[in-house]
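Data first, discussion second: the structure below is written as structure tokens.
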Amino acid sequence: MAPSLGATVTGKSLVHQRIVGDKLPTTDATNNTESSQQTEKLNASNNEATHKSTKKQQDEHQQSTLLKRETTSAATTTLKTIHESGSGELVWRNIFLFVVLHSSIPIGIYMMWTQRPYKTMLYALLLTYLSALGVTAGAHRLWSHRSYKARWPVQVLLIILQTLAGQNSVYTWSRDHRVHHKFSETDADPHNIKRGFFFAHMGWLCTRKHPEVLSKGKLIDMSDLEANPYVAFQHKHFWWMAALFTVAVPTAIPCLMWNERFWTSFVLSFMFRYALALHGTWLVNSAAHYYGSRPYDEHIEARESPVVIYTGVGEGFHNYHHAFPSDYSTSEFGKYLNITTAFIDTMASIGLVYGRRKIDAKMILQRRARTGDLQAS
Ligand SMILES: [Zn+2]
Ligand SMILES: [Zn+2]
């Protein structure tokens, strides 16, 4: 701005001096006077022309500056919007894998209808629940929230069951989940429900992570899991472990034990049950943040969701869980329909689990009175 304006002023001054100097050679007084008058007129005219020309230049310059400012402002706003809403860039590899995986649902239903492989169907259902336990009792309650302590046999079992679920390593799962709790319903929440039901359900796995998720994720303390030998081993060797425990072993068992057809076992024991368990877990992030009551904290989106209590093997008491994340049973009412809590309690009864953390009833009542929706039951 300043150098440009200065150049304009200097230019005007030079032009004025040059015009005045051109009309001064005559010596006649009258002529001189006339000439002087003419010169003044000419000067005035030239001054006016110069002034107009300069004014035009200034106007053009101002318009150009204004245009530049508007363009810069529009670009900044666009970048800000992209940054704030997440780039939304699609991860085609994941989308392709999800399409292939979901194709197993109609194929699996057709196989079940035409072949009636009852043993394999029951086995696939059992695997669905076992893998879900690996996620809920393992990745969620034990490792993400440290809500109880487990001896090595339970840790090894839960690592294998969590690998069977094929939902990334415990380390990655727990980091995302800790970020979800700490930055709920903000851009840093990996499955932010404010971006819609589908995004929170599975859309977040089909798009690149929001920059805030990455930057805030680095602030999360993961030193406890880095020091855990079972978690560290699984994280380091996740892909071969997943090939073995998510795909190969589940498919091989029916073929070896009761001579199931390979493709029937592959579709039902791996693909179909994997898709089912994924949706069971995803419903905690979507439905349990969308439908239901908020008796403990009405200021957050997490809700008590009766449907998700079944699909998430006890993880549907989600308003309570977000209010009291350190409670090992993730609910006020103990074992009621809470398969994961029943598993942890069973392990505790034989001495393989200890240090279960439970929230005091008085504290729950105080929290309900302070932040809960008093109309909710
Ligand atoms: Zn949640
Ligand atoms: Zn949690």
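Numbers for the structure displayed
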| read-out | value |
| --- | --- |
| Estimated D of the range 254-377 in µm² per second, where Rh is the Kirkwood radius over Cα pairs and Stokes-Einstein applies at 10 °C, 1.306 mPa s | 98 µm²/s |
| Isotropically averaged projected area of the range 230-282, using the convex hull of Cα atoms (one quarter of hull area), nm² | 4.4 nm² |
| Potential lengthening between Y291 and W152 on full extension [0.36 nm per residue; Cα-Cα distance subtracted] | 46.3 nm |
| Packing rank of 192-205, 280-293, where each peptide gets the mean count of other beta carbons within 10 Å, highest leading | 280-293, 192-205 |
| Residue-wise HN-Hα coupling along the range 303-319, computed from phi with Karplus coefficients 6.51, -1.76, 1.60 (Hz; x: Gly, Pro) | 9, 7, 10, x, 5, 6, 4, 7, 5, x, 5, x, 9, x, 7, 7, 5 |
| Label-point gap, in nm, between E185 and S215 - each point 7 angstrom along Cα→Cβ | 2.3 nm |
| The range 140-231 - convex hull of alpha carbons, volume per residue in Å³ | 96 Å³ |
| Additional length obtainable on full extension of the chain from I95 to L125, 0.36 nm per residue less Cα span | 8.3 nm |
| Integer Hz, Karplus 6.51/-1.76/1.60 couplings in order for the range 95-101, x for Gly and Pro | 4, 4, 5, 5, 4, 4, 4 |
| Cα-only Debye scattering, the range 250-308: base-10 log of I(q)/I(0) at q = 0.13, 0.15, 0.17, 0.19 Å⁻¹ | -0.51, -0.57, -0.62, -0.67 |
| More than 21 angstrom apart: percent of Cα pairs within the range 169-278 | 53 percent |
| In order through the range 276-288: 3J(HN,Hα) via Karplus (6.51 cos²θ - 1.76 cosθ + 1.60), integer Hz, x for Gly, Pro | 4, 5, 4, 5, x, 6, 4, 4, 5, 6, 9, 4, 6 |
| Simple spin-label estimate for D360 and F233 in nanometres, 7 Å along Cα-Cβ | 4.0 nm |
| Calculated FRET efficiency for the pair Y310/Q115, C-beta based, R₀ 22 Å, to 0.05 | 0.20 |
| Amide H contacts under 5 Å for S293, placed H, 5+ residues apart | E304 |
| Distance histogram in 10 Å bins (all Cα pairs of the range 189-228, percent per bin) | 28, 41, 26, 5 |
| Computed over the range 108-158, Kirkwood Rh from alpha-carbon pairs, angstrom | 12.7 Å |
| Hydrodynamic radius by Kirkwood, which averages 1/r over all alpha carbon pairs of the range 94-371, in angstrom | 19.4 Å |
| Where labels lie 7 Å past Cα in the beta-carbon direction, separation of R261 and E226 in nm | 5.1 nm |
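The numbers here are math on the coordinates, done by the rules we state, and not lab data. Remember, it's a predicted structure, so these values are computed and weren't measured experimentally. Please note: Cβ atoms are built from the backbone with ideal geometry, for glycine as well, and neighbour counts cover all protein chains shown.
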